[in-house]
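Below: the structure, in structure tokens.
Every number in this text was worked out from the coordinates using simple rules, so none of it is lab data. Every value quoted in this text rests on a predicted model; they were computed, and no experiment measured them. Backbone-built Cβ (ideal geometry, glycine too); neighbour counts: all protein chains shown.
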Amino acid sequence: MRLPIVQFPNIVVNNLSHFASVFATEEQKKHFCEYVTGLIAGDKATVTAINALFLNKNDQSSLNKFVTQANWDEDELNRKRVQLELERLHRRPISEQAGRLILDDTMAHHTHCSMDALAYLRDHSVGHNVWAHNVVTSYYVNRSDQFPVNLRLYLQYNQTYEKRLRQKMAQTWVATPTLKNNRQYLATLLSQHYRQKTYRSKTVLGSQLVREAIEWEIPFTVVLFDSWFLRSPLVAAIQAVGKDWIGACPKDRLLLYRGRWVQAQEFIQTIPVEAYRPYRIGTHLFWAFTKVLPMKCLQRQRIRLVASYEDQVQLDKIPDFYATNRKDWERKRILTTYLDRWPTETFNEDVKGNLGFEDYQLRRWRAIKRHWYLSFVAYSLLSDQGPPGRSRWAVRGQFQSTGQRCRAVADELLGYLVRWIARQTEEGSDPDSILQQLLA
């Protein structure tokens, strides 16, 4: 959207009252509307690009201060957004049994710069390391209703790398004991001590998100996650609050079979093709085998393991593995429930591709977090227009993608601009003066 915006879209105006208490001044409310509108309708999600979208815009520093310095609580903003989603959700009867809390992590990619907490991380989707922020998220699904709940930033702490760095700095100081080298060595020690104390593994962050969802009274019974999160601290935290879980299982997890610990990929080689059963889920045919076994990384807890092939059994290849604490569930139920995890993948694509989740050029952590939460607000407000991500009994549109919903908002803003031009003409403004206002 490159044409000037002369009026905020309905989805922003109609929901402003729900978020108004977060902001102390009318100016902050205006900047909130500007930022969310810019995320939805703009081409770029930087402060400068968003500010440039609006007619009679102020200097971009005003909007920049709103994100970086203004006194408002970004955590309360996200809490208000979740409250809005829950109000929508409960406008019709819903089943807690159908609720799923999905844990995932995603990369917000950037080039190497001085952003807070930026790290050089392994991105398995591209097969090499990238500069990025690694964000652990919780996402809620209840049949056709879905929305993001919260996030945590994963701060990397590589003990091997940190040890090498300490040794290198110490050697430099011993070789050249100058005041400058001494200060650099002390600064390195202090920095490493802080990072070590603030480090939280992804499973610990996931546990925090689960407990928070319970505190916020989000109705769910099952937690879903990929293979990275299948670790004892998270599983113990989920079971401690009385919830079930299903997770993808790495092929090297150790299982107790016939008196010895074997990897899942080794165990499955002992299973004949006749033990697999076919299950049609939607348009896909799956062949699955299941067995209850103790898993070593879960403190010998007995879990139900499911091995699954798509289309046909191919014993020369390793199947997909899934694990769950529900030993009484049969294999089709486990597979169909785990497939409910898919919306978090499309959500990550939506907020990155359409709502500027990773397009920020902000340096400080609090400003980055605010940007992420504002993109969550944009995603939730778009739910007014139709699936995916709807939390309405009825919606005004039937758009099938976030991109379509963003384009619908852009079309609405174009209509406002056309009507504004018509009013200016009726009031006697000539085309040249109107054009000067639009290009100012």
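Restricting attention to the range 222-237, report how many residues are more than 21 Å from GLU345 (Cα to Cα) and surrounded by 23 or more Cβ atoms within 10 Å (Cβ to Cβ).
Number of matching residues: 1.
Would you be able to say whether some residue in the range 76-95 is closer than 30 Å to GLN437 by Cβ and crowded, with 16+ Cβ neighbours inside 10 Å? Reasoning before the result, please.
Of all residues in the range 76-95, those closer than 30 Å to GLN437 by Cβ come to none.
Checking the range 76-95: not a single residue is closer than 30 Å to GLN437 by Cβ and crowded, with 16+ Cβ neighbours inside 10 Å.
Every residue in the range 103-119 that is over 18 Å from the mean Cα position of the chain (by Cα) and either among the hydroxyl-bearing types (Ser, Thr, Tyr) or not in a loop (DSSP other than H, G, I, E, B) (or both), please. Steps first, answer last, please.
Our first condition is that a residue be over 18 Å from the mean Cα position of the chain (by Cα); within the range 103-119, this holds for 111-116.
Selection gives THR111, SER114.
Which residue pairs have Cβ atoms closer than 9 Å, lie 6 or more positions apart in sequence or on different chains, and pair a first residue in the range 411-440 that is in contact (Cβ under 8 Å) with a residue 12 or more places away in the chain with a second residue that is of a type in the set (D, E, K, R) and outside any helix (DSSP H, G or I)?
Close Cβ pairs satisfying both conditions: ALA440/LYS57.
Test each condition in (1) over 22 Å from LEU381 (Cα atoms); (2) over 24 Å from the mean Cα position of the chain (by Cα); (3) of a type outside the set (D, E, K, R); (4) assigned to a helix (DSSP H, G or I) for ASN64 and report the one that comes out false.
Evaluating ASN64 over (1) over 22 Å from LEU381 (Cα atoms); (2) over 24 Å from the mean Cα position of the chain (by Cα); (3) of a type outside the set (D, E, K, R); (4) assigned to a helix (DSSP H, G or I) leaves (2) as the failure.
Take the residues in the range 1-54 that are of a type in the set (A, V, I, L, M), in contact with a helix residue (DSSP H, G or I) (Cβ under 7 Å, 6 or more places away or on another chain) and in a loop (DSSP other than H, G, I, E, B), then tell me which one is surrounded by the fewest Cβ atoms within 10 Å (Cβ to Cβ).
Going through the qualifying residues, I end up with LEU3.
Any residue in the range 81-95 that is small (Gly, Ala, Ser), in contact (Cβ under 8 Å) with a residue 12 or more places away in the chain, over 14 Å from HIS371 (Cβ atoms) and not in a loop (DSSP other than H, G, I, E, B)? I'd like the intermediate steps shown before the answer.
Quick first cut of the range 81-95, residues small (Gly, Ala, Ser) only: 95.
Those left that are additionally in contact (Cβ under 8 Å) with a residue 12 or more places away in the chain: 95.
From what's left, over 14 Å from HIS371 (Cβ atoms): 95.
In the following step, the residues that additionally are not in a loop (DSSP other than H, G, I, E, B) were identified as none.
The answer is no; no qualifying residue exists.
Given the conditions (1) among the hydrophobic types (A, V, I, L, M, F, W, C); (2) surrounded by 20 or more Cβ atoms within 10 Å (Cβ to Cβ); (3) in contact with a Pro (Cβ under 8 Å, 6 or more places away or on another chain), report the number of the one that LEU285 does not fulfil.
It is condition (2) that LEU285 fails.
Within the range 250-267, how many residues are assigned to a loop (DSSP other than H, G, I, E, B) and within 17 Å of LYS317 (Cβ to Cβ)?
We begin by selecting, within the range 250-267, every residue assigned to a loop (DSSP other than H, G, I, E, B); these are 250-253, 258-259.
The next check asks that each one be within 17 Å of LYS317 (Cβ to Cβ); those that pass are 250-252.
Selection size over the range 250-267: 3.
Could you please find all residues in the range 311-326 being surrounded by 13 or more Cβ atoms within 10 Å (Cβ to Cβ) and of a type outside the set (Phe, Trp, Tyr)? Working first, answer last.
As a first pass, look at the range 311-326 and keep what is surrounded by 13 or more Cβ atoms within 10 Å (Cβ to Cβ): 313, 315, 318-326.
Within the range 311-326, VAL313, LEU315, ILE318, PRO319, ASP320, ALA323, THR324, ASN325, ARG326 meet the criteria.
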